[in-house]
Protein chains: 2
Amino acid sequence: MAETPGVVRITDVAALAGVSPSTVSKALNDTGSLRPATRARVREAAERLGFVPDATARSLSARRSFTVGLLSTDSAGRFSLPVVLGAENALVGGQISALLATARHDPVREQHHVRSLVARRVDGIIVTGRTVDPRPPIHVPMPVVYAFAPSQDPDDASVVPDDAAGMRAVVAHLLSLGRRRIAYVGGRGDQLASTVRHDALVDALGEHGLQRAGDPLYGEWSERWGRLAVDLLLGDHRPGDPPPFDAVAFASDQLARGGCDRLRDRGIRVPEDVAVTGYDDWDVMALASRPPLTTVDPQLERLGQRAAELLLAAIDGHPSHGVETSPPRLVVRASTMGDG
Amino acid sequence: MAETPGVVRITDVAALAGVSPSTVSKALNDTGSLRPATRARVREAAERLGFVPDATARSLSARRSFTVGLLSTDSAGRFSLPVVLGAENALVGGQISALLATARHDPVREQHHVRSLVARRVDGIIVTGRTVDPRPPIHVPMPVVYAFAPSQDPDDASVVPDDAAGMRAVVAHLLSLGRRRIAYVGGRGDQLASTVRHDALVDALGEHGLQRAGDPLYGEWSERWGRLAVDLLLGDHRPGDPPPFDAVAFASDQLARGGCDRLRDRGIRVPEDVAVTGYDDWDVMALASRPPLTTVDPQLERLGQRAAELLLAAIDGHPSHGVETSPPRLVVRASTMGDG
DNA sequence: CGGTACGAGGAAATCGGATTCCTAGTTTCC
DNA sequence: GGAAACTAGGAATCCGATTTCCTCGTACCG
């Protein structure tokens with residue numbers, strides 16, 4: 001089909017099949033009442049000409065575009081990317097295309113994108129962000145689902161990772177290994193990703209009559225801070241002495257990787273002396289760490305898929321409201337289980 | 001504007017302004033001949049009603065959708081993602097939206113997406129891939145630009161990173177530091193990213209009458225292989241002895257980071273004894289490495305932008321052909337320059 | 001055998017703007 | 001003062017597919 005003189009229209013198919021355009025439409029969409037022979041003839045003609053119905057025309061008369069917007073606050077980074085991919089994946093199944101719109105933290109850009117999506121009459125919008133901290137809602141005349149970063153309006157539909165469950169799983173795992181003195185190292189203290197995980201850890205320990213070892217530490221989300229935090233936790237610990245904790249739960253794989261490195265530097269064995277856990281299951285960190293990290297996979301693609309499902313349901317007239325959590329998955333590796 | 005009873009149409013604006021729909025169209029698009037007062041009245045009416053012209057209707061009559069497809073062979077991973085973002089960014093300037101389509105290495109999915117994009121009458125398509133290895137072209141009745149992964153058809157328009165230039169810059173930098181015995185560690189030997197960089201290194205050395213130190217090594221794109229490769233390069237080197245090379249050019253930041261770690265393990269100082277360079281400028285690797293890596297930033301966002309520019313030109317009737325290279329940028333850090 | 005019912009397929013309206021064409025004023029100029 | 005020129009704005013057409021409404025023809029039934 002190298003020679004495409006112009007694009008094939010329904011009238012071309014109609015002419016070739018010797019029927020009217022309306023008959024072609026009915027034949028290809030399995031509507032109306034037509035003789036099987038006619039349907040077949042039209043189908044063959046469409047096939048021969050490589051007819052692909054014009055979606056813009058279809059959208060116009062259907063009053064919907066079979067398109068949804070994926071509005072990402074940031075530049076589709078490490079967290080929103082999997083969410084976007086999961087969503088896109090789920091949408092394809094529903095014969096729906098995804099319009100990508102990245103705001104790059106610029107409210108003006110975001111507003112511009114929102115207007116553009118509205119103008120394109122998208123059937124719905126999925127909004128994602130860089131953090132799990134609630135964000136201002138957008139106001140548009142179509143369904144919206146917030147993924148990862150929930151809406152500040154509790155009546156909006158949001159899907160967020162269940163960080164509390166993830167950290168509880170970590171604690172349960174560590175306790176099952178006999179660890180009792182568990183320390184915590186977070187990232188930025190002003191972000192829920194740090195505080196929610198901390199609070200869940202404290203709660204889970206409390207249920208077993210235990211307390212967190214040492215003070216919670218907050219810093220930046222970097223390996224450097226992970227190393228530094230280990231120094232702070234160890235204080236004036238000397239090689240050979242038993243450390244004042246037998247496990248450290250880090251709030252990210254980056255922190256945990258840095259932490260592992262520093263523990264090793266200080267002559268402390270992981271996991272024999274101290275078990276280490278990360279969070280995010282970011283392969284380049286969790287697998288490259290020495291030892292590889294036991295961590296929590298937030299299953300963000302699945303979260304994105306779920307958001308898409310909720311959106312499709314809303315488009316279909318079944319809107320949901322409130323915040324739904326998406327379950328994480330504990331991934332056990334050598335940093336807690338010897339050479340497991 | 002909480003109450004949006006239905007969407008506002010051009011006739012609603014016309015009614016409010018007391019004019020005909022065609023006049024509204026002319027007023028808002030600055031066409032036709034209207035009195036300034038009329039234009040203003042229409043504008044105000046449109047503003048008041050929050051009128052946003054239906055892009056699907058506009059597309060239908062304009063015979064173009066003001067939309068381009070971003071077709072990604074893989075799941076928009078580490079390499080295609082920046083390309084996609086750069087492209088999306090450049091498109092926004094042209095009032096064009098981006099339809100995201102990820103094929104996930106599945107030819108069936110890819111075909112499905114291509115059909116969908118054609119049906120939606122996208123004005124053009126940008127195709128990206130996971131590697132710089134040439135890929136089969138797609139056949140569609142609209143302009144296509146291949147970004148990162150070029151088309152196998154040399155007549156198609158492609159934009160690829162100039163890896164040879166990147167590696168030449170690395171060599172020039174190392175030579176300027178007085179290094180003369182430069183070794184090379186690649187990733188997978190069956191990928192151009194490994195071989196092109198190697199050949200460029202050998203050529204650049206040759207221009208100065210130098211040869212590569214040791215044999216080129218190929219393996220997987222991992223930190224582990226970076227460490228292993230260093231062991232292979234060192235052979236039976238003993239601590240204290242001068243190593244058989246004074247610099248190692250790695251084909252990726254991951255390899256380089258692993259290499260740095262192993263060099264340090266073996267008691268070799270970076271950069272004093274051996275200078276190390278990476279490739280990609282992947283922040284979580286290049287900055288977290290000890291020491292931080294001198295590396296090459298392929299400027300993939302810029303590459304994506306360039307691809308978008310070429311596509312917009314092609315849509316505008318000025319198609320380009322052949323492979324265009326996008327320049328990289330050398331980023332100097334401590335792994336070659338002391339504590340610079 | 002005539003009338004009703006149903007099946008097949010075509011004609012026409014519709015979706016919402018853009019654009020072309022046309023008409024009614026107004027102005028200009030002879 | 002009347003014709004030509006121009007202007008502002010409205011009416012009609014178009015984009016391409018869907019869908020509703022009709023019509024025509026055949027089969028069935030009393």
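List of remarks:
- The fewest-to-most ranking of B:His318, A:His173 by surrounding Cβ atoms within 10 Å reads B:His318, A:His173.
- Net charge of neighbours whose Cβ lies under 11 Å from the Cβ of A:Leu192, counting Lys and Arg as +1 and Asp and Glu as -1: -2
- Averaged over peptide B:252-263, the number of partner chain Cβ atoms lying within 10 Å of each residue's Cβ comes to 1.
- With label points set 7 Å from Cα along Cα→Cβ, the inter-copy distances at B:Pro154 are 6.7 nm, sorted shortest first.
- Other-chain or far-sequence residues with amide H under 5 Å of A:Ala275's (modelled H): A:Ala247, A:Val248
- Per-copy distances of the B:Ser20 label point, shortest first, in nm (7 angstrom along Cα→Cβ): 3.0
- For the stretch A:173-244: rounded, prolate or oblate by the Cα gyration tensor [a/c cutoff 1.5]: oblate
- In this structure the amide hydrogen of B:Val331, modeled in the peptide plane, comes within under 5 Å of the amide hydrogens of B:Thr295, B:Val296, B:Asp297, none closer than 5 places in sequence on its chain.
- Here the 3J(HN,Hα) profile of the stretch B:266-275, calculated from phi with Karplus coefficients 6.51, -1.76 and 1.60 at θ = phi - 60°, is 8, x, 9, 7, 10, x, 3, 7, 9, 7 Hz, Gly and Pro shown as x.
- Per the axis that maps chain A onto chain B, nearest residue of A (Cβ criterion) and its distance in Å: A:Leu100, 2
- Amide hydrogen neighbours beyond the local backbone of A:Thr102, cut-off 5 Å, H modeled: A:Ser72
- Nearest-first distances (nm) between copies at A:Asp215, label 7 Å from Cα via Cβ: 5.7
- 3J(HN,Hα) along the stretch A:283-296, derived from phi through the Karplus expression 6.51 cos²θ - 1.76 cosθ + 1.60 where θ = phi - 60°, amounts to 3, 5, 8, 5, 7, 7, 4, 10, x, x, 8, 6, 7, 10 Hz, with x in place of Gly and Pro.
- DSSP beta bridges in the protein assembly as shown [antiparallel fraction, %, rounded to 5]: 10 percent
- Averaged over peptide B:81-93, the number of partner chain Cβ atoms lying within 10 Å of each residue's Cβ comes to 3.
- Loop-located GluC sites (Glu not before Pro) in the stretch B:185-294 (DSSP state not H, G, I, E or B) with no more than 16 neighbouring Cβ atoms inside 10 Å: B:Glu220, B:Glu272.
- Calculated FRET value between B:Asp199 and B:Arg329, using beta carbons and R₀ = 22 Å, to 0.05: 0.60
- Table column - 3J(HN,Hα) (Hz), the stretch A:152-169, Karplus curve with 6.51, -1.76, 1.60, x for Gly and Pro: 5, 7, x, 7, 6, 8, 9, 10, 10, x, 8, 5, 4, 5, x, 5, 4, 5
- Look at the alpha carbon pairs under 8 Å that are at least 6 residues apart: their mean separation over the length of the stretch B:1-150 gives a relative contact order of 20 percent.
- Shielding of B:95-101 by partner chains, average beta-carbon count, 10 Å: 6
- Estimated 222 nm signal from helices in chain B, with DSSP H stretches of n ≥ 4 weighted -39500 (n - 2.57), rounded to 500: -13000 deg cm²/dmol
Just so you know, all these numbers are worked out from the coordinates, no wet-lab data involved. Treat the numbers as computed from the prediction; the structure is a model and nothing was measured. In this analysis, Cβ positions are derived from the backbone assuming ideal geometry, glycine residues included, and neighbour counts consider all displayed protein chains.
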